[in-house]
1. Give the residues of the range 46-68 that are within 13 Å of the ligand (Cβ to nearest atom), within 15 Å of Arg25 (Cα to Cα) and in contact with a helix residue (DSSP H, G or I) (Cβ under 8 Å, 6 or more places away or on another chain), sorted by residue number.
2. Answer yes if at least one residue in the range 38-45 is away from the ligand (no atom under 16 Å from the Cβ) and either open to solvent by less than 70 Å² (accessible area, probe 1.4 Å) or modelled with pLDDT of 85 or more (or both), and no otherwise.
Amino acid sequence: MAGGWARDGAVGEQIEASISDELARMKQRGAPQGESRTHCAECEEPIPEKRRLALPGVKLCIDCQQERDGAFQARAGINRRGSKDSQLK
Ligand SMILES: [Zn+2]
């Protein structure tokens with residue numbers, strides 16, 4: 001890409017960004033990362049036992065996890081990473 005405004009490039013970056021976000025989320029969910037916490041790492045709400053059993057290594061309560069997932073989706077949709085990239089270059 002020649003830099004500046006290139007729509008094709010932006011779309012490519014957006015797809016790449018959402019794939020790597022998806023992979024990061026799958027890793028977080030699929031691979032146990034130590035022991036499940038009894039309380040949320042962010043807000044210290046108790047995490048229900050059902051959730052801890054369903055998600056080994058879970059560290060966040062449902063609210064914080066959803067907030068995090070929502071942030072991922074918003075970032076991929078708006079494609080902030082792409083515009084930030086072109087500013088840095
Ligand atoms: Zn929480």
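1. Result: Val58, Leu60, Ile62.
2. Checking the range 38-45: not a single residue is away from the ligand (no atom under 16 Å from the Cβ) and either open to solvent by less than 70 Å² (accessible area, probe 1.4 Å) or modelled with pLDDT of 85 or more (or both).
The values are calculated or read from the model by the stated rules, or taken from the named source; none is laboratory data. Keep in mind that this is a model prediction, so the values were computed, not measured. Positions of Cβ are generated from backbone atoms using ideal geometry, with glycine treated the same way; all protein chains shown enter the neighbour counts. We work out accessible area using only protein heavy atoms, side chains counted, and drop any ligands, DNA or RNA first. Shrake-Rupley method; radii C 1.70, N 1.55, O 1.52, S 1.80 Å.
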